[in-house]
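K.L.:
Before I ask anything, let me first share the structure, which is written out below as structure tokens.
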Amino acid sequence: MRSLAKAEVWTDALDQAKELLHAGYKDPACILARVSLESTLKDLAEKFSVTEGSLDRMNADLCKAGAYNMAKQKQITAWAEIGNKAAHGDWGKYTDQDATAMVSGVEMLVADL
């Protein structure tokens, strides 16, 4: 039940992110996707007995634990970087296409759980 509730929240945040992207607001869309990404990694950390910590640490530890492969780890790192840039106001350092790829990628990651 708890996992279903979490998935619902992540899906809602990602739905909002997609709506924001569609309306031309890439920056808040990336922030919402970043929140969903970190929440997803925290849930995976629990499933794989990985200690919760920073997104980067959980990402590396989850890859080592076999939650996903190195290619997925690198994608997650890239998505996190875009989300961090959005959250810190570095809006010119990523494109609309980067934002779209991030939201889509996080959505696929959440769906794979």
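K.L.:
Name the single residue that is farthest from Ala17 (Cα to Cα) among those in the range 95-113 being of a type outside the set (Asp, Glu) and not in a helix (DSSP H, G or I).
P.N.:
Among them, the one singled out is Leu113.
K.L.:
Working only within the range 90-113, note down all residues that are of a type in the set (A, V, I, L, M), closer than 14 Å to Gln75 by Cβ and in contact with a Lys or Arg (Cβ under 9 Å, 6 or more places away or on another chain).
P.N.:
Within the range 90-113, Met102, Val103, Val106, Leu109 qualify.
K.L.:
What pairs can you find where one residue is in the range 71-82 and closer than 15 Å to Arg57 by Cβ, the other is assigned to a helix (DSSP H, G or I) and modelled with pLDDT of 95 or more, and their Cβ atoms are less than 6 Å apart, with a gap of 6+ or different chains?
P.N.:
Within 6 Å, the pairs are Gln73/Asn59; Gln73/Cys63; Ile76/Asn59; Ala80/Leu55.
K.L.:
If you take the residues in the range 64-77 that are touching a helix residue (DSSP H, G or I) at 6+ places or on another chain (Cβ under 8 Å) and assigned to a helix (DSSP H, G or I), which one is surrounded by the fewest Cβ atoms within 10 Å (Cβ to Cβ)?
P.N.:
Met70
K.L.:
Test Gly92 against the criterion of being assigned to a helix (DSSP H, G or I), more than 18 Å from Ala13 (Cβ to Cβ) and small (Gly, Ala, Ser), and give yes or no. Break it down stepwise before answering.
P.N.:
Working: assigned to a helix (DSSP H, G or I): yes; more than 18 Å from Ala13 (Cβ to Cβ): yes; small (Gly, Ala, Ser): yes.
Yes.
K.L.:
What are the pairs, 6+ residues apart or on separate chains, where a residue within the range 96-107 that is surrounded by fewer than 16 Cβ atoms within 10 Å (Cβ to Cβ) has its Cβ under 6 Å from a residue that is part of a helix (DSSP H, G or I) and at pLDDT 95 or above?
P.N.:
Listed pairs, sorted by first residue: Asp96/Lys26.
K.L.:
Which of the numbered conditions does Trp91 fail, given that it passes all the others? Conditions: (1) crowded, with 17+ Cβ neighbours inside 10 Å; (2) farther than 13 Å from Leu21 by Cβ; (3) touching a residue at least 60 places away in the same chain (Cβ under 8 Å).
P.N.:
Among (1) crowded, with 17+ Cβ neighbours inside 10 Å; (2) farther than 13 Å from Leu21 by Cβ; (3) touching a residue at least 60 places away in the same chain (Cβ under 8 Å), the lone unmet condition for Trp91 is (1).
K.L.:
On to the next question. Can you pull out the residues in the range 39-65 that are modelled with pLDDT of 95 or more and either polar (S, T, N, Q) or within 13 Å of Met102 (Cα to Cα) (or both)?
P.N.:
Listed by number, the residues that qualify are Ser49, Thr51, Ser54, Asn59.
K.L.:
Specify which of the listed residues (Asp61, Asp112) is among the acidic types (Asp, Glu) and crowded, with 17+ Cβ neighbours inside 10 Å. Steps first, please.
P.N.:
On the way: Asp112 fails: crowded, with 17+ Cβ neighbours inside 10 Å.
The conditions single out Asp61.
K.L.:
How many of the residues in the range 2-36 are at pLDDT below 55 and basic (Lys, Arg)?
P.N.:
Result for the range 2-36: 2.
K.L.:
Pull up the range 27-36, narrow it to residues that are within 13 Å of Thr95 (Cβ to Cβ) and crowded, with 23+ Cβ neighbours inside 10 Å, then point me to the one that is nearest to the chain's Cα centre (by Cα). Quick ask: steps written out before the conclusion?
P.N.:
Taking the range 27-36 as the starting set, the residues that turn out to be within 13 Å of Thr95 (Cβ to Cβ) are 27, 29-30.
Those left that are additionally crowded, with 23+ Cβ neighbours inside 10 Å: 29-30.
Working: Ala29: 11, Cys30: 9 Å.
Going through the qualifying residues, I end up with Cys30.
The values are calculated or read from the model by the stated rules, or taken from the named source; none is laboratory data. Bear in mind the structure is a predicted one, so any value in this text is a computation, not a measurement. Ideal geometry is used to build each Cβ from the backbone, glycine not excepted, and the neighbour counts take in all protein chains shown.
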